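The values are calculated or read from the model by the stated rules, or taken from the named source; none is laboratory data. As the structure is a computational prediction, the values presented were derived from the model and not from experiment. Positions of Cβ are generated from backbone atoms using ideal geometry, with glycine treated the same way; all protein chains shown enter the neighbour counts.
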Amino acid sequence: MADNSTISGVCTSGLSTVALELQVRRRALDNMGAILEDLARSSQGRFTVMRLGDDAFGFRLADVRTLVRVDGALSIAQRSFFLLVGVPARWPMDRNDALEPCVVSPADWAHPNASGSALCLPLQGVMPEELPGLLYACVSLRKTQLDDYLDRSAAAWVRAHLDQLPTDPRPLFPEIPVREIPVREIP
Amino acid sequence: MKPLVLVGGCGAVGSWLIPSLDETVALLCADRDIIAPENLGVAAFDAAAHLDPQRAQHARRSADPQRSADAQNAADVTDASGASPLLGRKKAEVVAERHRARGGWAYALHGDVRYTLTPGLASRLDAAVVCFDNASAFRDVSEVLWSAARPGIPILAVTCGGGDDEHWQVRLFATGGLCPACMQSPAERQEGTSSTRASCAAAEAPRASARAAEAAGRAGASLLARVMAGERSLVGRRLQRDGREAAPWSVRMPEAAVPGCPIPHGRETWRIEELLQGVDDLTVGALAERARDLAGMDATFVLGRRALPLAGFTCPQCKHASGAPELLLPAAAALARACDCPGVLRPLGERRTITAHELVGGPMRDTSLRAWGASPGDGFLVTGAEATVELRCRLTWEELDRG
């Protein structure tokens, strides 16, 4: 018979549901943090991640060419981003409680699906491995939703400049060339 | 002793419901909004309608039968210059004042019910009527009532149609059984879960008409009186009228809680530690120390749907960013505001758990719980290695007066 009194080494016997859910959430956050840190190391400094307690992760995306609004005019410029990905109360117990991204800086960033810091980027069912790529796709305007939008002028700009998208064509994870290892015949 | 009834939502439907209630009923009037020009034509905030609703309505209709009820109601509450002295006043306070003017007993809870309706208040209720226009408030109220109110008290959810057709619907629940959140769709349950969530497909609730709101308010008051008089067979039913000429009909709702409903429905019990001090006397540091005594040194406050801001606020209108004091969201937003824009500041992130260790050593250590954003009778769920316990502050009616 399976022993259901432990979850990944955490003793659950006698715990209330609240305590148990908090344990599960912290364990899931630990796992997610470890995966994201591994990915950050392979990005050659393009992005870094930090855990903010039990409630959020901070992502720093360095030197991304993106759409900005300066003096009311939209143009492409290079900016470094700090994004906050909030972890809702019932994550990961409730699938509907998906991670919630928002852009803390830069303040002059523009995107059809963003308004100020608010960013409409549904992250339901997104695995930690996919998260940095999705955020990067958003800030480099690879990913836009033009049927519904929060920023009308940014949506119009995107429609008129499809040939300039994505604003940053570089991949987030630079391809590391695989070094050929010479094969030596064993006599 | 007067029965204590919560009226959640004092706008269109709630403002019509309250004057239809017996003045012997003691009321807790909860609403977060202030009166805006668009409310005047729909809600019954005018004194005449409240003091004698039937006479006022008859007078309005007989004066000019061609005018719509909306227009006439709006005319009642504006002075010669077109401005109303009610504009900008808190809805909860206005309707509570009107009830007191009739000789009744009423308190106003101005603010988000997620923060103002506390377990201490819920445990004293004899009934509740919720007339909110958003799914999030229905869920917030259900969460408190189904965890802290006495089992079996009647809860009425009253809504009205958007047109002028006097369409209304009243669902009658009893705490412990099926709840309003059981009847919500997954999307409705997610509404208001987070202040930081953004969606490109923003929607606005349809506006009620005065006639529909009035009909719903009167139906709600009449059904509440019947249930409180002992007509318990109404509980578990949805009563509905589909138009002015149509007869009301009823349908039985599911008997038990719906699987997947996020409301606990009595599945979980934990020890409730009644504190001897109220929110004005107790400091955040003292509360955290008590939490560590009871739950262990790793005690963590689990705030549920309440939250503290994380990384600051932005104004949705002018996009101005400001820092966030370590207070519960509404209190923090009130202090952080640095612009004159209308509307609520948006937190960049939210904290739904905080350790007792952080609070004991944090800058809010000596802040009173009231200043921290707690309300009289508030409860805080704490979990740690030794126990899960709810710390519940003392509630006195004088504390509500001071708020």
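Before moving on, here are some points about what is shown:
- Applying the criterion of at least 3 residues that are modelled with pLDDT of 90 or more to the helices (runs of 4 or more DSSP H) found wholly in segment B:337-403 leaves B:356-361, B:369-372.
- Going through (1) surrounded by fewer than 20 Cβ atoms within 10 Å (Cβ to Cβ); (2) out of contact with any strand residue (DSSP E or B) (no Cβ under 6 Å at 6 or more places or on another chain); (3) not aromatic (Phe, Trp, Tyr) one by one, residue B:279 falls short only on (1).
- Meets criteria (on the phi > 0 side of the Ramachandran plot, at pLDDT below 90 and either not acidic (Asp, Glu) or not assigned by TED's automatic domain parsing to the domain that holds residue B:113 (or both)) for residue B:320: no
- All conditions in (1) more than 14 Å from every other protein chain (Cβ to nearest Cβ); (2) at pLDDT below 55 hold for residue A:12, with the sole exception of (1).
- Listing of helices (runs of 4 or more DSSP H) fully contained in segment B:90-190 that carry 3 or more residues being among the charged types (D, E, K, R) and touching a strand residue (DSSP E or B) at 6+ places or on another chain (Cβ under 7 Å): B:91-101
- In segment A:115-129, the qualifying residues are those that are surrounded by fewer than 21 Cβ atoms within 10 Å (Cβ to Cβ) and either assigned to a loop (DSSP other than H, G, I, E, B) or of a type in the set (Phe, Trp, Tyr) (or both), and the one that is farthest from the other protein chains (Cβ to nearest Cβ) is A:127.
- Within segment B:384-403, residues that are in contact (Cβ under 8 Å) with a residue 40 or more places away in the chain sit with their Cβ atoms under 6 Å from residues that are surrounded by 13 or more Cβ atoms within 10 Å (Cβ to Cβ) and charged (D, E, K, R), at 6+ positions apart or across chains, in these pairs: B:384/B:298; B:385/B:298; B:389/B:273; B:391/B:273; B:393/B:378.
- Across segment A:79-114, the number of residues qualifying as closer than 18 Å to residue A:133 by Cβ and assigned to a loop (DSSP other than H, G, I, E, B) comes to 4.
- For the criterion of being under 23 Å from residue A:148 (Cα atoms), in contact with a strand residue (DSSP E or B) (Cβ under 6 Å, 6 or more places away or on another chain) and more than 9 Å from chain B (Cβ to nearest Cβ), residue A:68 passes.
- If you go through segment A:143-169 and keep only what is modelled with pLDDT of 90 or more, surrounded by fewer than 19 Cβ atoms within 10 Å (Cβ to Cβ) and either in a loop (DSSP other than H, G, I, E, B) or in contact with a Pro (Cβ under 6 Å, 6 or more places away or on another chain) (or both), you end up with A:161, A:166, A:169.
- In segment A:133-163, the qualifying residues are those that are within 15 Å of residue A:59 (Cα to Cα) and in contact with a Ser or Thr (Cβ under 7 Å, 6 or more places away or on another chain), and the one that is nearest to the other protein chains (Cβ to nearest Cβ) is A:139.
- Cross-chain or 6+ apart pairs with Cβ under 6 Å, segment B:243-266 first and under 12 Å from residue B:175 (Cα atoms) and outside the structural domain of residue B:149 (by TED's automatic domain parsing), then of a type in the set (Ser, Thr, Tyr) and surrounded by 12 or more Cβ atoms within 10 Å (Cβ to Cβ): B:263/B:142; B:264/B:147
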